[in-house]
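Colleague: Have a look at this one before I ask anything.
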Amino acid sequence: MPDELVCQAVLNAWANAPAPVGSLFHSDRGSQYATSNFRRTIQSLGFVQSMSRKANCWENAVAESFFATPQR
């Protein structure tokens, strides 16, 4: 997934529902989230970046499970 796609998705989401300055943007360690372009984008919106530790995928399991259950 190219970082430009992720940056545009964040910008679109923020335009729809701006988050307060200082909000955490938590992600895994995907390369698209570690690029300087992405880091500049979220910083310009006032986010503080948070990333999982290397080889620590467990903390995302609860959120992924939650978002998998709602009926569409």
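The values are calculated or read from the model by the stated rules, or taken from the named source; none is laboratory data. All values reported here derive from a predicted model rather than from experimental measurement. Here Cβ is always computed from backbone atoms with ideal geometry, including for glycine, and neighbour counts include all displayed protein chains.
Colleague: In the range 19-29, which residue that is of a type in the set (Gly, Ala, Ser) and either more than 17 Å from GLN8 (Cβ to Cβ) or within 10 Å of the chain's Cα centre (by Cα) (or both) is surrounded by the fewest Cβ atoms within 10 Å (Cβ to Cβ)?
Modeller: Here the residue is GLY22.
Colleague: Let me ask another. I'd like the full set of residues that are modelled with pLDDT of 90 or more and among the polar types (S, T, N, Q), limited to the range 33-56.
Modeller: Once the filter is applied, which keeps residues that are modelled with pLDDT of 90 or more and among the polar types (S, T, N, Q), the range 33-56 yields THR35, SER36, ASN37, THR41, GLN43, SER44, GLN49.
Colleague: Looking at the range 1-16, I want the residues that are closer than 18 Å to GLN49 by Cβ and have a partner that is hydrophobic (A, V, I, L, M, F, W, C) and assigned to a helix (DSSP H, G or I) with Cβ atoms under 7 Å, at least 6 apart or on another chain. Which pairs are those?
Modeller: Qualifying pairs under 7 Å: ASP3/PHE38; VAL6/PHE38; CYS7/PHE38; VAL10/ILE42.
Colleague: Within the range 14-55, which residues are of a type in the set (Val, Ile, Thr), under 21 Å from MET1 (Cα atoms) and in a loop (DSSP other than H, G, I, E, B)?
Modeller: THR35
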